[in-house]
Amino acid sequence: MTRPRTAIVTGAASGIGAATVVELATRGYRVAAIDRDGPGVRAVVAAAGAQHLALELDIADETSIVAAFADAVKSLGGLDALVTSAGSADMTPFMDLDAATFHRVYHDNVVGTFLCIREAAKHMPPGGRICTVASIAGLRGGGLSGTAAYAASKGAVLALTKNAARALADRGIAVNTIAPGATMTPMIADVFANEAHRKRVESMNVMNRAAKAEEIARAIAFLVSPEASYVDGATLVADGGLCMY
């Protein structure tokens, strides 16, 4: 009997990560969900089903990531897919930004993503698929809600993804990224409480609305599926048409 496809999803307690856990579970994957918000990630997994795993840890902690990935793969019985949704946002204006904040955001968004890719690759067979989560902030240099530290870190995720695609090709592992536009998640809830700001951001794309987390999750599910077998090193922009301009 063929085992179900398996996946690890980081940043799984809320937003795009949580929606991706649900989407993959619905498609028959067995999922290990990771987040530093323990109660949140356990609630997501409880709703997804008893066959899934919840792991509480910080993805930027190298020792914890190495151990957690090894344990998750053993429990899942293998690893077919990784989605790196964990990360930090930052809205600090450019001239108010300090080095400590810049380092924290970069460490969470870039170093954490790198560690997860590296550890997943150790356990994946040929045919394994990885999807990182960047942002159109990394393409545009910010200008919506995230500012310098966030935009720079997401630009780095775009470059890291391409490098990983090159480095892991010989192992038969594909690495792609998704670059969402504004998405209705807890990450932007506070800034979108400003109705004028929300309307300005939403009016910048041709669909005149923000995405739902479930819409981004469906695009991620495609990138980690066998149906995307000839897609590698690519950036899927899911922004309602904003970056056409």
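Quick note: the coordinates plus some simple rules give every number you see, no bench work behind them. Not measured: the values here are computed from a predicted model. Cβ: placed from backbone, ideal geometry, glycine included. Neighbour counts: every protein chain shown.
What's the angle, to the nearest 10 degrees (0 to 90), between helix 213-223's Cα axis and the longest principal axis of the chain? So the inclination is approximately 50 degrees.
With everything on Cα atoms, drop me the angle between helix 148-168 and the longest principal axis of the chain, reported from 0 to 90° to the nearest 10. Helix 148-168 and the main axis of the chain meet at about 30 degrees. Backbone amide hydrogens, once placed in the peptide plane, bring ALA234 within less than 5 Å of THR177, excluding anything fewer than 5 places away on its chain. Summing +1 for each Lys or Arg and -1 for each Asp or Glu, what net charge is found among the other residues whose Cβ lies under 12 Å from the Cβ of PHE114? After counting each charged neighbour, the total is -2.
ASN208: net charge of surrounding residues, Cβ under 12 Å, Lys/Arg +1, Asp/Glu -1, itself excluded?
+3
Taking the Cα centre of the range 1-83 as origin, work out the dipole magnitude from +1 charges on Lys and Arg Cβ and -1 charges on Asp and Glu Cβ, in debye rounded to 20. Mind showing how you got there, number by number?
Values: 7 positive and 9 negative charges, 92 e Å.
Roughly 440 debye for the range 1-83.
Relative contact order for the range 6-244 using alpha-carbon pairs under 8 Å, separation at least 6, rounded to a whole percent? Across the range 6-244, relative contact order equals 20 percent. Relative to the longest principal axis of the Cα atoms of the chain, the long axis of helix 15-26 makes an angle of roughly 30 degrees.
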